[in-house]
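The numbers here are math on the coordinates, done by the rules we state, and not lab data. Bear in mind that the values here come from a model prediction, so they are computed numbers and not experimental data. Reconstructed Cβ throughout: ideal geometry from the backbone, glycine too, with neighbour counts over all protein chains shown.
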Amino acid sequence: MRIIGILDQKGRTVHAVSPEARVTEAVDVLCEAAVGAVLVRDEDGKIRGILSERDIVRAFRTRGAKLADATVADIMTRNVTTCRPNDTVAGAMAVMTRGRFRHLPVMDGSQLVGLVSIGDLVKHRVREMELETGVLRDIVIAKR
C-alpha cells in the first residue's frame with residue numbers, strides 16, 4: 001500500500017502551532033487532539049519544524065520548570081523529513097526507523113497533504129499480515 005491509502009483511511013488533519021507559541025500552548029494542542037506531535041508552521045504555512053512529545057521530555061530534562069516559558073522554536077526539531085503520497089508504507093517505515101522518529105509529514109510537491117505516524121503504519125501492516133494469514137489458512141484448509 002501507498003501512503004495515500006493510509007491518509008484516505010485515517011484522514012488528513014494535521015495539527016500545527018506557530019514557532020512563537022509557548023510550549024504550554026503546544027502541550028494543550030497535543031493533549032486536546034490526542035496526538036504525539038504537531039507541525040510547526042509560520043504565518044505563510046511553511047513548515048519550520050516539528051514538535052513531538054519526545055522533544056518536550058528531552059527539553060524538560062535540561063530546562064526543568066523553565067520550559068513553561070520557552071517557545072516552540074526553542075525546542076522543536078528543525079530538520080523535518082517528509083514523504084510523498086505515492087511512497088510505500090514499507091519505505092516510510094524504513095525512513096522512520098533509520099531517522100529514529102515517529103512522525104512523517106506527507107508532501108505533494110510543496111503542498112502539505114497529511115501526516116502519518118509509525119502507529120498508523122504499523123496498524124496498516126498488522127491488518128495486512130492478518131489478511132495474508134487468513135488467505136494462507138484458507139489455502140491449507142482447501143487442500144485437505
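Kindly provide the helix-only [θ] at 222 nm of the chain, computed as the sum of -39,500 (n - 2.57) over DSSP H runs of four or more divided by all residues, to the nearest 500 deg cm²/dmol?
-15000 deg cm²/dmol
Taken about its Cα centre, region 3-143 carries a charge dipole of roughly 560 debye when the Cβ of each Lys and Arg holds +1 and the Cβ of each Asp and Glu holds -1.
Counting only residues at least eight positions apart within a chain, or on another chain, the lysines with an alpha carbon under 30 Å from that of LYS123 are LYS10, LYS46. In this structure, LYS143 and ALA94 have a Cβ-Cβ separation that, at R0 = 35 Å, corresponds to a calculated FRET efficiency of about 0.50. Multiplying each eigenvalue of the alpha-carbon gyration tensor of the chain by 5 and taking the square root yields semi-axes of 35, 17, 12 Å, largest first, rounded to whole angstroms. Label positions at CYS31 and ASP8, each projected 7 Å from the Cα along the C-beta direction, are separated by 3.8 nm. Considering only VAL122, VAL57, THR71, the residue lying farthest towards the positive end of the dipole of the chain is VAL122, judged by Cα position with unit charges set on Cβ. Sort out for me the Cα centre separation of region 81-106 from region 113-144, rounded to whole Å. Here the two parts' Cα centres lie 19 Å apart. Between MET1 and GLU128, the modelled label-to-label distance comes to 0.8 nm, taking each label 7 Å out from Cα in the direction of the beta carbon. Multiplying the residue separation of ALA68 and GLU43 by 0.36 nm and removing their Cα-Cα distance gives an extension gain of 6.7 nm. Here's how it looks for ALA70: its modeled amide H is under 5 Å from those of VAL23, which are all 5 or more places away or on a different chain. Once each of the GluC sites (Glu not before Pro) sitting in a DSSP loop with at most 16 other beta-carbon atoms within 10 Å is removed, the chain keeps 44-144 as its longest stretch. Ordering of 66-75, 4-13 by packing is 66-75, 4-13, highest average first (other Cβ atoms within 10 Å, averaged per residue).
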